[in-house]
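Each remark here refers to the structure printed beneath this line.
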Amino acid sequence: MNCEMCGSEGKLFKTLVEGSELSVCEKCSKFGKVISEIKTEPEKKQRKEYRVTTFPDKELIQIIVSDYAERIKKKREELGLKQEEFAKKINEKESLIHNIETRHIEPNIMLARKIEQFLKIGLVEQYEEDHKKTEKTKMNAFTIGDFLNKK
């Protein structure tokens, strides 16, 4: 176990430091009141398991076309349907259709697919996104001791 103030390894003491109970080394215990010694059991050798997760370089994403409202309204009017009739046919609320056609709401993929099937228009496009590999940097933990040393 490591000291919660300076990060050093070794014998630790449960210490009250400015109202907080911390596990600190002998050097850092002088900053507070020692409550008790922390007894550690001998550590058993543990096997570390590393899992490597790979992600695809490219990902296909479904997105709604930017002019969805105009396409829906134009096709609905071509079929001679009012918003109320169209809503009943696809089993949705008229207010939802109104909000979609006025661009107050963007339909989710499932609703867009339902509208696509009924009106026989395209509302969903496939977008290919490239994922670039980034290098991992090792970050050391910032301890309270680091903070005290910077002051």
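The values are calculated or read from the model by the stated rules, or taken from the named source; none is laboratory data. In this text the structure is predicted, and so the values were computed from the model without any measurement. Neighbour counts are summed over all protein chains in view; Cβ atoms, including those assigned to glycine, are modelled from backbone coordinates with ideal geometry.
Within segment 2-30, residues that are on the phi > 0 side of the Ramachandran plot sit with their Cβ atoms under 6 Å from residues that are buried (at least 21 other Cβ atoms within 10 Å of the Cβ) and modelled with pLDDT of 85 or more, at 6+ positions apart or across chains, in these pairs: Gly10/Cys25.
I'd like the residue in segment 1-25 that is aliphatic (A, V, I, L, M) and surrounded by fewer than 16 Cβ atoms within 10 Å (Cβ to Cβ) and, out of all such residues, is modelled with the highest pLDDT. Step by step, filter segment 1-25, then rank; the result is Leu16. Among the residues of segment 121-132, those identified as touching a residue at least 12 places away in the same chain (Cβ under 8 Å) and assigned to a loop (DSSP other than H, G, I, E, B) are Ile121, Gly122, Leu123, His131.
Are any residues in segment 91-108 closer than 15 Å to Val65 by Cα and part of a helix (DSSP H, G or I), and if so, which ones? Those that are closer than 15 Å to Val65 by Cα and part of a helix (DSSP H, G or I): Ile100, Glu101.
Given the condition among the β-branched types (Val, Ile, Thr) and modelled with pLDDT under 85, answer yes or no: does some residue in segment 29-46 qualify? Step through it out loud before you land on a result.
If we filter segment 29-46 for residues that are among the β-branched types (Val, Ile, Thr), which is where we start, we get 34-35, 38, 40.
Now narrow it down to the ones that are modelled with pLDDT under 85: 38, 40.
Yes, because at least one residue in segment 29-46 is among the β-branched types (Val, Ile, Thr) and modelled with pLDDT under 85.
Name the residue, out of Ala87, Ala112, that is without any contact (Cβ under 8 Å) to a residue 40 or more places away in the chain and hydrophobic (A, V, I, L, M, F, W, C). Step by step, each of Ala87, Ala112 is checked, and only Ala87 is without any contact (Cβ under 8 Å) to a residue 40 or more places away in the chain and hydrophobic (A, V, I, L, M, F, W, C).
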